[in-house]
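Each remark here refers to the structure printed beneath this line.
The values are calculated or read from the model by the stated rules, or taken from the named source; none is laboratory data. These numbers were taken from a predicted model, which means no experiment stands behind them. Heads up, the Cβs are rebuilt from the backbone with ideal geometry, glycines too, and the neighbour counts pull from every protein chain shown.
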Amino acid sequence: MSRVVAGSRLRVDPVACEGVGLCAQVADRVVELDRWGYPVLAADLVDGADVRAARRAVRACPRRALWVEEPDASS
Ligand code: SF4
């Protein structure tokens, strides 16, 4: 089972992203594409299925432009 940390988000580096759209193909639960093919990401990852989808998107990205960000527990 995937661990869910409240406030976790999928992030994208807009400079690295080339708008290929593979992320949305493997994780349409948490990624949509805008009219130019660039990702629009879910606001928060709210359950294990979201986290698994986000990790699929991270693995699929050929530009390594995606990552899952967890809130800093120390702050
Ligand atoms: S797979 Fe990577 S490069 Fe392609 S649209 Fe998604 S974030 Fe951008």
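Is it the case that the stretch 15-24 has a residue that's within 13 Å of the ligand (Cβ to nearest atom) and assigned to a strand (DSSP E or B)? Break it down into steps so the answer makes sense when it comes.
Residues of the stretch 15-24 that are within 13 Å of the ligand (Cβ to nearest atom), as a first pass: 15-24.
When the remaining residues are screened for being assigned to a strand (DSSP E or B), the result is none.
For the stretch 15-24, residues within 13 Å of the ligand (Cβ to nearest atom) and assigned to a strand (DSSP E or B): absent.
Collect the residues in the stretch 41-50 that are more than 10 Å from the ligand (Cβ to nearest atom) and not in a helix (DSSP H, G or I), keeping them in residue-number order.
Matches in the stretch 41-50: A42, A43, D44, L45, V46, D47.
Considering only residues that are under 19 Å from E70 (Cβ atoms), among the β-branched types (V, I, T) and at pLDDT 95 or above, which ones fall in the stretch 27-50?
Across the stretch 27-50, the qualifying residues are V30, V31.
Those residues that are of a type in the set (A, V, I, L, M, F, W, C), out of contact with any strand residue (DSSP E or B) (no Cβ under 8 Å at 6 or more places or on another chain), surrounded by 13 or more Cβ atoms within 10 Å (Cβ to Cβ) and at pLDDT 95 or above, I need them from the stretch 3-26; list them, please.
Residues satisfying the conditions are L22, V26.
Please enumerate the residues belonging to the stretch 59-75 that are part of a loop (DSSP other than H, G, I, E, B) and modelled with pLDDT of 90 or more.
C61, P62, R63, R64, A65
Restricting attention to the stretch 34-48, which residues are among the hydrophobic types (A, V, I, L, M, F, W, C) and within 12 Å of the chain's Cα centre (by Cα)? First the steps, then the outcome.
First, pick out the residues of the stretch 34-48 that are among the hydrophobic types (A, V, I, L, M, F, W, C): 36, 40-43, 45-46.
Of everything in the stretch 34-48, those that are among the hydrophobic types (A, V, I, L, M, F, W, C) and within 12 Å of the chain's Cα centre (by Cα) turn out to be V40, L41, A42, A43, L45.
Name every residue in the stretch 30-50 that is crowded, with 16+ Cβ neighbours inside 10 Å and in contact (Cβ under 8 Å) with a residue 40 or more places away in the chain, in order of residue number.
Residues satisfying the conditions are L45, D50.
Looking at A65, A27, A53, which is the one that is more than 10 Å from the ligand (Cβ to nearest atom), touching a residue at least 12 places away in the same chain (Cβ under 8 Å) and hydrophobic (A, V, I, L, M, F, W, C)?
A53
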